Amino acid sequence: MKRITLPCGESVPALGQGTWNIGDDARLRAQEVATIRRGLDLGLTLIDTAEMYGDGRSERLVGEAIAGRRDEVFLVSKVYPHNASARAMRRSCEASLRRLRVDTIDLYLLHWPGDVPLAETVEAFEALRREGRIRHWGVSNFDPRWMDDLWATAGGAAAQVNQVLYNLGCRGIEWDLRPWQRERRLPVMAYSPFDQARLLRKRELAAFASERGMRPAQVALAWLLAQDGVIAIPKTGQAERLEENAAALQRPLSPDDLQQLDRLFPPPTGPTPLAML
C-alpha cells in the first residue's frame, strides 16, 4: 500500500474509504458494514466520514463497522462550519465520538469555510487536540485564498490536509491550489474520485481502461495514486466494487499512460473557482 506522510510525520494509506451516503438506507446496513470491514482486510484503513453525512447516520455505521478493530483505523470526520466555534465544536466532536463509539478522532476537518473566524476555529481544534478528543485537524473545500488566510492565522499551519474535489475530470486545483500545498508539503485528500460516477461514463476513459484490461474506476484511482501527496477516498457500499477499487493498487499506470490521460483529460490552462459537491 502506498502511504502519504502528513506534515506531523505520521503516514496514512493513499487509498481509503469514503462514506458519503453510506448508512442512509437501513436495508443496506449489513452490506455496507461488511464492505467497510472488507476494506480494512485489504488495507484501506483510512475511513472518512462527517457529522453532515446522513445527519450522523454515516458515523453510526462506521462505528459499528470498526468495532473491535479501532486500532487498525485512521479515522477522519468533519465538523459543520456553523459548529466551528469553541463551544459548538466541542459539542459536535463529542456527539461524533459517541456515534463512532471511539475515544479519539484521528483527523478532524472543518467541512468548508464559514462565518466563524478562523482564529476561533483553530483555537477550538487545538483545545480538542490537547484534551485527546482529536489527534490532528485539517480543512476541507479551502481554495488558495482561504488557505492563505489559514496560514496567516496563529497556529493555522498545523493543518494536516485539505480535502477537496479532485479527479481526472476535475483538475482545476492543479493550477494554483496543488502547487500551494505541494510547496508546504500539505497533502490533498481527494473526494469523489469518480465525480459521482459521471467520470466512469466517459467513453474515452472506458476505451482507455478496456485497452489495459482495467475497469474505468481502477484507472481513475490509479491516476490519483500516481500523484504525489494525494489521498483518494472512493465510496462504495458493495464489497465487489471495493475489491475492484483496491485492485487499482496493483495496476500502476506507466508514464506513457499518464501522458495519454493528460491528452484525454487535459490539465487546467488557467485559474478556475474551486469545484465543490
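Values in this text are rule-based calculations from the coordinates and carry no lab data. Note that the coordinates shown come from a computational prediction; the quantities given were computed from them, not determined experimentally. Here Cβ is always computed from backbone atoms with ideal geometry, including for glycine, and neighbour counts include all displayed protein chains.
Derived value for the range 1-135: Kirkwood hydrodynamic radius 15.2 Å. Basis is the mean of 1/r over every pair of different alpha-carbon atoms. A straight Cα-to-Cα reach below 18 Å connects Lys2 with the aspartates and glutamates Glu10, Asp41, Asp48, Glu72, Asp228, Glu243, Glu244, residues fewer than 8 places away in its own chain not being considered.
If R0 is taken as 41 Å, the Cβ-Cβ distance between Ala30 and Arg185 corresponds to a FRET efficiency of 0.50. Hull volume per residue, based on the alpha-carbon atoms of the chain and their convex hull, is 120 Å³.
Every Cα-Cα pair in the range 56-182 was counted, and those over 26 Å apart are 24% of them. Relative contact order for the chain: what is it in percent, counting Cα pairs under 8 Å that are at least 6 residues apart? In percent, rounded to a whole number, it is 20. Label-to-label distance, Ala158 versus Arg91, with points set 7 angstrom from Cα along the beta-carbon direction: 2.4 nm.
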